[in-house]
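Take a look at the structure set out below.
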Amino acid sequence: GAVVSQHPSRVICKSGTSVKIECRSLDFQATTMFWYRQFPKKSLMLMATSNEGSKATYEQGVEKDKFLINHASLTLSTLTVTSAHPEDSSFYICSAPTPGTPMNEQFFGPGTRLTVL
Amino acid sequence: AQSVTQLGSHVSVSEGALVLLRCNYSSSVPPYLFWYVQYPNQGLQLLLKYTSAATLVKGINGFEAEFKKSETSFHLTKPSAHMSDAAEYFCAVSGRNAGNMLTFGGGTRLMVKP
């Protein structure tokens with residue numbers, strides 16, 4: 001089956017620094033990937049849609065300059081949290097639809113736990 | 001527009017007992033419906049999905065769900081709970097068009113007592 005990986009699984013950083021999270025489709029090409037944020041004991045909130053070769057589409061209320069998304073290849077999307085602050089601490093999950101399936105049939109990565117001190 | 005409501009943020013059952021996790025949806029178009037499971041510090045794993053074929057959908061790990069249009073429900077059930085079923089469960093809905101995104105419910109934490 002389709003596999004989506006994320007790196008790192010956990011990251012701790014100091015306030016004011018930037019953190020990059022990678023999302024890879026391991027055995028398929030993904031022209032579109034999605035980035036979600038999940039607060040403790042809460043549901044997933046879609047942050048943005050990452051499109052290979054073009055700008056990401058951000059959901060309302062998500063700061064584009066804060067959460068930089070780059071989809072440089074058909075198997076890699078990156079989310080960079082810039083000038084991180086403690087309120088950015090969260091669980092970030094990416095997903096991707098496999099080719100030939102509707103976008104709503106997504107495979108999820110294992111997530112990245114970000115802790116900002 | 002679409003939304004999902006999961007009744008009960010926490011459900012506790014004894015091992016071997018019936019599991020029932022409730023999900024009601026609202027959608028302006030015929031929906032696709034999904035149940036996902038999330039174990040601690042992990043991503044989401046698809047349990048099952050309804051895509052307009054049979055209304056009773058069987059998934060992995062002995063789970064099944066029934067689509068009831070008249071009740072706008074898609075409740076998840078399992079006849080006999082196992083300790084390994086303890087996890088967070090999310091119901092999600094999307095329209096049937098290829099570009100439609102997933103909308104998640106608030107999640108239900110299932111606890112299984114020995």
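Every number here is computed from the coordinates shown, using simple stated rules; none is lab data. Everything numeric here is computed off the predicted structure, so don't read it as measured data. Glycine gets a Cβ as well: all are built from the backbone with ideal geometry, and neighbour counts include every protein chain shown.
Scan B:Lys78, B:Lys68, B:Lys49 and give me the residue that is in contact with a strand residue (DSSP E or B) (Cβ under 7 Å, 6 or more places away or on another chain) and either more than 14 Å from chain A (Cβ to nearest Cβ) or hydroxyl-bearing (Ser, Thr, Tyr) (or both). So the residue among B:Lys78, B:Lys68, B:Lys49 that is in contact with a strand residue (DSSP E or B) (Cβ under 7 Å, 6 or more places away or on another chain) and either more than 14 Å from chain A (Cβ to nearest Cβ) or hydroxyl-bearing (Ser, Thr, Tyr) (or both) is B:Lys78. Scanning the range B:70-112 for residues that are surrounded by 12 or more Cβ atoms within 10 Å (Cβ to Cβ), more than 19 Å from B:Tyr25 (Cα to Cα) and touching a residue at least 40 places away in the same chain (Cβ under 8 Å) yields B:Lys78, B:Ser80, B:Ala81, B:His82, B:Asp85, B:Ala87, B:Leu110, B:Met111, B:Val112. Considered as a group, the residues in the range B:1-29 that are facing chain A (nearest Cβ under 10 Å) and in a strand (DSSP E or B) include one that is surrounded by the fewest Cβ atoms within 10 Å (Cβ to Cβ), and that residue is B:His10. Would you point out the residue of the range A:49-83, among those that are of a type in the set (A, V, I, L, M), touching a residue at least 24 places away in the same chain (Cβ under 8 Å) and closer than 18 Å to A:Gly111 by Cα, that is surrounded by the most Cβ atoms within 10 Å (Cβ to Cβ)? Here the answer is A:Leu79. Here A:Leu114, A:Leu68 are screened, and the one residue that is assigned to a strand (DSSP E or B), more than 11 Å from chain B (Cβ to nearest Cβ) and more than 25 Å from A:Ala2 (Cβ to Cβ) is A:Leu68.
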